[in-house]
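I have placed the structure first, in the form of structure tokens, so that the comments after it can refer back to it.
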Amino acid sequence: MTASVHRLPAKQPFVQRTVITEGDMSWIVLYAVLHLYVTVIRSSGITPHPIIKDEVGSFLKNAPWQHTEMTGALSGGPMVLTVKSKYKLDGGLVFSKKYPSQKFTDCTDILKKEPYRRNRDGMYTIYLSNGVKRRVFCDMTTDGGGWTVIQRRFDGTTDFQNKTWQKYAEGFGHPGHEYWFGNDAIHDLTKDGKKSLRINLKKFNGQEGHAVYSTFKVGSKSKKYTLTVGGFKGSLGMRDSFTYSNGMMFSTKDRDNDKWGDNCAKSYGNGWWFNACHKCNLNGLYYSKKTSAANGITWYNLGSTDAWESLRSSTMMIKPK
């Protein structure tokens, strides 16, 4: 449930002016207050939910208004009586209305239904196709926003090493920090075959690069999370190092599904779509400084003479094509 709360200003009178010609004065004054309230809401660029708007009207009609002052003046030709009244509400009075929140399928869905979220990167709640609620980090800024982040690394505080097949299936870490979203969830979001993948990388010298794949899909558990990836486009100096894993099943230290004679995942210490073994390994060991190490977070030859230079950060994120 989502709550919408409107707090009335502390000890600030609502000043109204109206010409009394007939009818009940209190009713006219309250009508003016309702009109003012709706006008204020609209002037700030907010369109109230119809249910909330109706409830505000009822709330204000029944609120304990305090009459503070009344003045009158006559004007001639024809004679008109003008009455000015002042009413106030004590500070701290709160209107609250709850209504069912929407269930979003991914970060693009959030941005589509709530466009004010644009440029507001952070944690959001989405619902998988089976109704399971998951917290996820949304990039609402890059290339139009609406990216659902499935992997995020930047300081090494989350251990990606020596995780079991089950752990990589479920996901681990925290979406507000470093995390792996989980192979089951990644499969759920990509099974329609209509998602693209963006990978953002950063080196310790500050150099950045990104790759976009127009095709990205992860198979089901029964298919051992087989990877389908292709349609590479990259920034200057960014080579296609992920397509080498296309068609590969996921491997972990306790599930060897690679093409090497030994177990790549056990050798490098992390789960990944190893071939024999890799040209990129974004789940590798985190090094706190530039290191030449094939077991680190690597992207083969990212604009460097050192093909296996460990990276400072990596982000994998998806959105509909």
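The values are calculated or read from the model by the stated rules, or taken from the named source; none is laboratory data. As the structure is a prediction and not an experimental result, all values here were calculated from the model. FYI the Cβ positions are ideal-geometry reconstructions off the backbone, even for glycines, and counts take in every protein chain you see.
Rundown of residues vs (1) more than 24 Å from L311 (Cα to Cα); (2) modelled with pLDDT of 95 or more; (3) outside any strand (DSSP E or B), yes/no style:
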{"site": "Q166", "(1), (2), (3)": "yes, yes, yes"}
{"site": "G176", "(1), (2), (3)": "no, yes, yes"}
{"site": "G193", "(1), (2), (3)": "yes, yes, yes"}
{"site": "N200", "(1), (2), (3)": "no, yes, no"}
{"site": "G206", "(1), (2), (3)": "no, no, yes"}
{"site": "Y213", "(1), (2), (3)": "no, yes, no"}
{"site": "K217", "(1), (2), (3)": "yes, yes, no"}
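Scan the range 261-276 for residues that are over 10 Å from N295 (Cβ atoms) and either touching a strand residue (DSSP E or B) at 6+ places or on another chain (Cβ under 9 Å) or of a type in the set (S, T, N, Q) (or both) and jot them down.
Within the range 261-276, N263, C264, A265, K266, G271, W272, W273, F274, N275 qualify.
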Any idea which of (1) surrounded by fewer than 16 Cβ atoms within 10 Å (Cβ to Cβ); (2) closer than 17 Å to T228 by Cα; (3) among the small types (G, A, S) is the one S288 doesn't satisfy?
(2)
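Based on this model, can you work out whether N119 counts as over 11 Å from the mean Cα position of the chain (by Cα) and either over 23 Å from V212 (Cβ atoms) or in a loop (DSSP other than H, G, I, E, B) (or both)? Spell out the reasoning first.
Numbers: over 11 Å from the mean Cα position of the chain (by Cα): no; either over 23 Å from V212 (Cβ atoms) or in a loop (DSSP other than H, G, I, E, B) (or both): yes.
For N119, the condition - over 11 Å from the mean Cα position of the chain (by Cα) and either over 23 Å from V212 (Cβ atoms) or in a loop (DSSP other than H, G, I, E, B) (or both) - is not met.
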Give the residue that is nearest to A185 (Cα to Cα), with candidates limited to residues of the range 133-157 that are assigned to a loop (DSSP other than H, G, I, E, B) and in contact (Cβ under 8 Å) with a residue 40 or more places away in the chain.
G146
Count, please, the residues in the range 223-240 that happen to be among the β-branched types (V, I, T) and not in a loop (DSSP other than H, G, I, E, B).
2
Complete set of residues in the range 170-218 that are touching a Pro at 6+ places or on another chain (Cβ under 8 Å) and surrounded by fewer than 21 Cβ atoms within 10 Å (Cβ to Cβ):
K194, S196
